[in-house]
Amino acid sequence: MLRVPHYIAALSPYVPGKPVEELERELGIKESVKLASNENPIGPSPKAVAALTAHVIGGLNRYPDGGGFYLKQKLAARLGVKENEIILGNGSNELLDIAARTFMEPGDDAVMAWPSFVVYPMAVQAMGCNAIKVDCKDLRHDLDAMADAITEKTRIVFIANPNNPTGTYNAAEEFDAFMERAPKDILVVMDEAYYEYVTAPDYAGSMKHFRDGRNILILRTFSKIYGLAGLRIGYGIAGSSIVEEMNRIREPFNTGTLAQTAALAALDDDGHVERSREVNEEGKAYLYAELERLKINHVPSQTNFIFMMLDGDSGELYGRLLQKGVIARPAGPKALRVTIGLPKENKAFIKALEDVL
Ligand SMILES: *Cc1c(COP(=O)(O)O)cnc(C)c1O
């Protein structure tokens, strides 16, 4: 047996779901409804698809632009930051990992809310560090309790805003108060994967702290509203010295040619973003109304998914929905997370839910 560090041996590998095609074959159904991974139901940005021309594809023998020159240039102009204040990642997932590997050493702590994104404890524990989980309060990040949990050993605080799997958010004012209390020498990772879906007027405010020179890494992604989850690309915004440190261990070619090309085009596809938002808002209103009718407890969402609290076991409900061809996601022993889909997908979900309850 090869020796494996005890903290690696303690991790459970991520169990991927079956490919949808395989599930359909097993269940003998033509069209399953996948509402498990918060993907954009209307598809990728058409401009992104159109940008993946034969010319680009014909160049796949070449390594990608490791510096992501054009994409960083466009993002920088959009965001009003400098190019050296952006880091690209193979999905924003990779940037969570790079942040932990860059700024933590074995034995350090990272503070995070719970329930929150499962990748945070993975990234931290893979470094031989401790994930300090602070219970959500009313399913929202309890930023006061999180500030209380910071000690000498804390190197990173992970905040998902809005949060996954709950869909809740913290207002700018609350975040300001947290930053007031957080020590200046720790990194605050502000994960804003659902940024473009948020409608709450008192949201946002992380950029202000970046501009104030605080040690903050703001993460965004092309996987959600831009509909490019399959290509794996996201980005981080941080002070140039943070980006520089992270670049020491970033794989030189961590984002591919197709991903960079598609992301560049998607940024110009305002129509697709607008349509995605509309479909999401309509679907959200429909699902709220139906869940109310079915008397299923659920949480107001600032994202493209809805968190619901059940009376029964979520794994069991998940299994029964699966038999009906609907893929949702258990989000705790008695909670289910469902992605807001197209109107017909939302209907199929509600019908399946009514059937199995
Ligand atoms: C989906 C999601 C991400 C984005 O992951 P990618 O690697 O960019 O696909 C990051 N954080 C949270 C909380 C998410 O839900």
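Summary table below
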read-out: Answer from MET246, MET190, MET207 - the residue that is surrounded by fewer than 23 Cβ atoms within 10 Å (Cβ to Cβ) and under 20 Å from ARG78 (Cα atoms); value: MET207
read-out: Meets criteria (farther than 27 Å from LYS18 by Cβ and within 16 Å of the ligand (Cβ to nearest atom)) for VAL299; value: yes
read-out: Subset tally (residues that are part of a loop (DSSP other than H, G, I, E, B) and surrounded by 24 or more Cβ atoms within 10 Å (Cβ to Cβ)) for the range 135-167; value: 7
read-out: Subset of the range 27-65 [of a type in the set (Val, Ile, Thr), under 18 Å from GLY319 (Cα atoms) and under 28 Å from the mean Cα position of the chain (by Cα)]; value: VAL33
read-out: The range 220-239: number of residues that are surrounded by 23 or more Cβ atoms within 10 Å (Cβ to Cβ), within 9 Å of the ligand (Cβ to nearest atom) and in a loop (DSSP other than H, G, I, E, B); value: 4
read-out: Exclusive hit being of a type in the set (A, V, I, L, M) and farther than 24 Å from GLY234 by Cβ, set ALA36, ALA54; value: ALA54
read-out: Qualifying residue in the range 40-54 (condition: modelled with pLDDT under 95, on the phi < 0 side of the Ramachandran plot, more than 16 Å from the ligand (Cβ to nearest atom) and part of a helix (DSSP H, G or I)); value: yes
read-out: Test: residue in the range 46-55 that is hydroxyl-bearing (Ser, Thr, Tyr) and closer than 30 Å to ILE86 by Cα; value: yes
read-out: GLY236 being within 18 Å of the chain's Cα centre (by Cα), closer than 26 Å to TYR203 by Cβ and modelled with pLDDT under 95; value: no
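Residues checked against (1) at pLDDT 95 or above; (2) more than 25 Å from THR102 (Cβ to Cβ); (3) among the small types (Gly, Ala, Ser); (4) part of a loop (DSSP other than H, G, I, E, B):
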| residue | (1), (2), (3), (4) |
| --- | --- |
| GLU196 | yes, yes, no, no |
| LEU217 | yes, no, no, no |
| SER241 | yes, no, yes, no |
| GLU244 | yes, no, no, no |
| ALA263 | yes, no, yes, no |
| GLU274 | yes, yes, no, no |
| GLU281 | yes, yes, no, no |
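The values are calculated or read from the model by the stated rules, or taken from the named source; none is laboratory data. Just so it is clear, the structure is predicted and the values come from calculations on it, not from any experiment. Reconstructed Cβ throughout: ideal geometry from the backbone, glycine too, with neighbour counts over all protein chains shown.
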